[in-house]
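Heads up: the structure comes next, in structure tokens.
Nothing in this text is a laboratory measurement; each read-out follows from the coordinates by a stated rule. Remember, it's a predicted structure, so these values are computed and weren't measured experimentally. Counting neighbours? That spans all protein chains shown, and the Cβs are built from the backbone with ideal geometry, glycine included.
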Amino acid sequence: MDPISIGASQLQLEIRSSEGKLRGNDTGEKQEDAFKEVITSCRSLSSFETTTIKTAIPQINAAIAAASFHIYVGIALSYSAVLVPQIESPDSDIPQASKTLTSLCASIVVLMVPLGSLIAGYLMDKIGRVNTIKVAIFPAIIGFVVVATAPDVYFILAGRIFMGVACAIGTSPAYVYITEVARPDLRGSLISSAPTIASLGMCLAYIGGAIFDWRTTAWLAIIFAILPVILVQLFVVESPVYLVSKGRIEDAAKSLTHLYKNYPKPDQNESLADMHLRALLRDYEKKIIGNSKLAPELALKENKKPTICQKLSEFKKPTGWKPLLILFFLFFIQQFSGIYITLFYSVTFLQDAGADEIDPFISSIFLGVVRFIMSLLNAWLLRKFKRRFLVMVSSFFMAAFMFISGAVTIWIEEGANELRIVPVICLLGFVCTSMIGLLSIPWTLTAEMFPTSIRSIGHSITFSVANILMFIAVQCYRPLLSILGGSHAVQWFFALFAIFGFFFGLCILPETHGKKLSEIEAYFEKKSPARNRVNASDIYSVSVNNKEIEQMLKRKDTA
């Protein structure tokens, strides 16, 4: 049985009841008509099988293509691991720059992401999720062209600024898009495809750095700025939620028809795409009427789009500020646990840890491959295990690996050269365990925790804050080496924050795995969602089994 269409029918039952109250009509008659419609729909939809992957192939293709720009993100982020050691070497063709400037070259990408996120948030509502991804190609290409032709470090900084803006514009819409088009049993896995693709980009950057110089690697990276736009053009249709909000009903119908084209057609004339479209339209109409003090007909006629100030005022509600605060602390723990510091400074980190007898560029390739493999595994883990459990397991083992690595680093400094392989092994373990929880899940939660009305702007704000924290953390790496007294102390510092992550997951982090979006929203409101309360954003999550339908019919016939 298909939960999408049944959810649509249940949504209609609730909306028609609400509309009866709003318009002063006989609620009983409205519920009677809607009940009959639900029963008819449920009987005719028993042929749908949403558990099969085949029916979801168009959604999977669209989601992966939308997330494909993350391959550029992976290259842009890890490119500093290739760039910094080469421009700091004595034989570099770049005039010698201070370590402060080279550190800025590494981290300036994430500092620009907040600006790009704000641009992306505006463009998502203005031109749509898909077109926003396409716009990212322009700063993406400019960034690597400027770096590849840079005569000095300041041109490199300018190119990295463009890269940072491109990363945000190309990736923020992908999370929102996947949340709006993917069915719930695949939503977490499809959102996690973005970090997986980014991990593939990191592998490509590390391999390029091991084979070519940093300029050639930059030229080759341009290919991976163009490829995602081609994939988006071929496989991605605009989000039907966005199209309905803009009044583009025919386009929304075409989009839904494409996304559901592999579903079998029900016995009745109305297709699954038509039912979903009708549900979106009714939900949108209900939202307009419910938020207006005017009569229903006037509310629909006088409907005005909310201003930025009105959207920001939504963050005064518990459904706005609570997720924002939780995500802030979760990203704070994530960044200072060393996940991204070891990414940006993978080569330098291994040298500082005493593993310099092993080619650090080759070690970085292994790190990239391991990160990519674990990203693939994480897509399965997110379907099978709860978010809090994964965060706790991830944090615990990250702390263990960093503590052991720090201790071994001290012994290497004292002359235990036979242990130089241990920091590499510990870093591989650290990367593996970070991928299953503390690295990936915070990014997933940014698309799940916020209600539909502020999802775009909520994601943009959170994305901006996360990247500001990333910039601060990356910039702090070299000062921490001096302040704490060496690489071993920095590794123990990372372990301490990983322990914080364990207790944060245990005591504070809410569970979103398998939850409907309305249930997550109700959690932050500290109330239980109404039994039949269904939002258009949740229609994927609602299901009614055949036995329940038959029981409903028997009760109705008896009455």
Review point. Rounded to the nearest 0.05, what FRET efficiency do Leu312 and Asp93 have when you use their Cβ-Cβ distance and R0 = 45 Å?
Key: 0.40
Check your understanding: In whole Hz, what ³J(HN,Hα) sequence does the range 385-392 give by Karplus (6.51, -1.76, 1.60; θ = phi - 60°), x for Gly and Pro?
Key -> 10, 6, 4, 4, 4, 5, 4, 5
Point to revise | Length added when fully stretched, Leu325-Ile226, from 0.36 nm per residue minus Cα-Cα | key: 32.0 nm
Exercise for review: Report the percentage of all Cα-Cα pairs in the range 123-169 whose separation exceeds 11 Å, rounded to a whole percent.
Suggested key: 62 percent
Check your understanding: Quick one: if the Förster radius is 35 Å, what FRET efficiency do Gln351 and Leu377 give, using the C-beta to C-beta distance and rounding to 0.05?
Key -> 0.75
Review point. If each of Leu484 and Arg248 carries a label point 7 Å out from its Cα toward its Cβ, how far apart are those two points in nm?
Key: 4.8 nm
Check your understanding: Rule-of-thumb check for the range 393-496: C-alpha Rg over 2.2 N^0.38 Å?
Key -> 1.34
Exercise for review: Assuming R0 = 45 Å, can you tell me the calculated FRET efficiency for the pair Ile410 and Leu115, based on Cβ-Cβ distance, to the nearest 0.05?
Suggested key: 0.60
Revision key, fill the gap. For Thr512, the residues 5 or more places away or on another chain with a placed amide H closer than 5 Å to its own amide H are Arg387, Arg388
Practice item. Evaluate the Debye formula for the range 41-180 with equal point scatterers sitting on the alpha carbons, no solvent, and hand back log10 of I(q)/I(0) at q = 0.09, 0.16 Å⁻¹, in q order, two decimals. Key: -0.38, -0.82
Practice item. Return the tail of the calculated pair distribution for the range 423-478, meaning the percent of Cα-Cα pairs more than 13 Å apart. Key: 70 percent
Review point. So, with +1 on the Cβ of K and R and -1 on the Cβ of D and E, and no other charges, what is the size of the charge dipole of the range 66-142 about its Cα centre, to the nearest 20 debye?
Key: 380 debye
Review point. Taking the Cα centre of the range 129-232 as origin and charging only Cβ (+1 Lys, Arg; -1 Asp, Glu), how large is the dipole, in debye to the nearest 20?
Key: 200 debye
Check your understanding: Residue-wise, which Karplus ³J(HN,Hα) couplings in Hz belong to the range 126-140, taking 6.51 cos²θ - 1.76 cosθ + 1.60, θ = phi - 60°, and x for glycine or proline?
Key -> 8, 10, x, 5, 5, 5, 5, 4, 5, 4, 5, 4, 5, x, 5
Review point. Hey, what do the phi angles of the range 177-193 turn into as Karplus ³J(HN,Hα) couplings, whole Hz, using 6.51/-1.76/1.60 and θ = phi - 60°, x for Gly and Pro?
Key: 4, 4, 4, 8, 10, 8, 6, x, 5, 10, 4, x, 5, 6, 5, 6, 5
Point to revise | Debye, to nearest 20: dipole size of the range 376-485, +1 on Lys, Arg Cβ, -1 on Asp, Glu Cβ | key: 580 debye
Check your understanding: Based on the Kirkwood radius over alpha-carbon pairs, what value in µm²/s does the Stokes-Einstein equation return for the translational diffusion coefficient of the range 160-280 at 4 °C and 1.567 mPa s?
Key -> 76 µm²/s
